[in-house]
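Structure first, commentary second.
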Amino acid sequence: MKRAIVIGASSGIGCEVCKLLVADGWRVGIAARREELLLELKAQNPGMIEVLRIDVTSPEAPGRLLALAGTVGGVDLFVYCSGVGRQNAPLDIGVELSTADVNVKGFTVMVGTMFNYMAENGGGHIAVISSIAGTKGLGAAPSYSATKAYQNVYVQALEQLSAMRRLNIRFTDIRPGFVDTDLLAGGRYPMLMDKTAVARGLIRAVCARRHVYVIDWRYRLLVFFWRLIPNFIWRKLNVRS
């Protein structure tokens, strides 16, 4: 039986990924801060899902992740969906720091811990949900776009490290645009994507062993043109939802 761990599975993309994996016969360990939502998901397939509450910013997070891996019986696929983000044009420093705490510190601890686990246990596949926001600095969400850029580069660096050490660890960096999840609740966003469709895209990208995958074609086109905009023009653009 194939085994996976999904971090950030209490709602949104992570929850949908868990459902798809279970439907395909995977045994899945799920983690998030909101344990009650995880237990509701487990109740749908009690024999296929293991639950553990993990706050990715807590000192206990690495140990709890390894404990979940032991409960599941190993990890073939690790999916990291945890993250926070909000527009912050007033540049509230508390918002900036709390975003960095989850998207940089929590991300690094959890992905790094799983990298070391897989290095010691024959390898595996690590997939992370980052964002197209990491491709350009967005004035409306400075810390969010910067932390997503960090995630993009960190995954790229670990992929190179895996090759340098001749480890059997593969990576997929999933970069969606706006997704209809709790993170965007109450806002009006263009080209809003369905979370189940994004989860299916993630599974397809992992199965195809894609290194970087932008979901969907509209955002691939957007990112292509974003990259062509010179910085002296980008600095003057009013980019917000």
Checking rank on 109-118, 142-151, 89-98, 214-223, with mean other Cβ inside 10 Å and highest first, the result is 142-151, 109-118, 214-223, 89-98
Relative contact order (%) - criterion: Cα under 8 Å, at least six apart; region: the chain: 19 percent
Scattering curve values for segment 131-182, log₁₀ I(q)/I(0), Debye with Cα scatterers, q = 0.20, 0.31 Å⁻¹: -0.73, -1.13
Under 5 Å from the placed amide H of Val79, counting only residues 5+ away or on other chains, we find Ile5, Val6, Ile7, Ala127
Give me the count of lysine pairs in the chain whose alpha carbons sit under 20 angstrom apart, restricted to pairs 8 or more positions apart or on different chains. 9
Give a residue-ordered list of calculated ³J(HN,Hα) values for segment 81-95 (Karplus: 6.51 cos²θ - 1.76 cosθ + 1.60, θ = phi - 60°; whole Hz; x for Gly, Pro). 10, 6, x, 10, x, 7, 5, 8, 4, x, 6, 5, 5, x, 5
Bounding extents of segment 66-134 in its principal axis frame from Cα atoms, largest first in Å, are 47, 23, 17
For segment 46-62, take each phi angle, set θ = phi - 60°, evaluate the Karplus expression 6.51 cos²θ - 1.76 cosθ + 1.60, and give the result in whole Hz per residue in order, putting x for glycine and proline. x, x, 10, 10, 10, 10, 8, 6, 9, 9, 5, 8, 7, x, 7, 4, x
Could you give the angle, 0 to 90 degrees to the nearest 10, between helix 35-44's Cα long axis and the longest principal axis of the Cα atoms of the chain? 60 degrees
Determine the share of the chain's accessible area contributed by carbon and sulfur atoms, expressed in whole percent, with a 1.4 angstrom probe. 55 percent
Using the per-residue mean of other Cβ atoms lying within 10 Å as a proxy for protection, in what order, highest first, do the peptides 194-205, 153-164 fall? 194-205, 153-164
Quick one: if you stick a label point 7 Å off each Cα along the C-beta vector at Arg227 and Gln156, how many nm between them? 0.9 nm
Could you give the C-alpha radius of gyration of the chain expressed as a fraction of 2.2 N^0.38 Å, taking N as the number of residues it contains? 0.99
Pairs of alpha carbons in segment 4-58 whose separation is greater than 12 Å (percent): 56 percent
Binning at 5 Å from 0, report for segment 1-122 what percent of all alpha-carbon pair distances ends up in each bin. 2, 12, 22, 23, 18, 11, 6, 3, 2, 0
Quick one: if the Förster radius is 35 Å, what FRET efficiency do Arg218 and Asn116 give, using the C-beta to C-beta distance and rounding to 0.05? 0.40
Accessible area expressed per residue, the chain, with surrounding protein chains retained (probe 1.4 Å, Å²): 49 Å²
With θ taken as phi - 60° and the coefficients 6.51, -1.76 and 1.60, list the Karplus ³J(HN,Hα) couplings across segment 139-144 in order, rounded to whole Hz; mark glycine and proline as x. x, 6, 8, x, 5, 4
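The values are calculated or read from the model by the stated rules, or taken from the named source; none is laboratory data. Since we're looking at a predicted model, the values are computed, not measured. As a convention, Cβ positions derive from the backbone with ideal geometry for all residues, glycine included, and neighbour counts pool all protein chains shown. Surface areas here come from the heavy atoms of the whole protein model, side chains and all, with no ligands, DNA or RNA. Shrake-Rupley method; radii C 1.70, N 1.55, O 1.52, S 1.80 Å.
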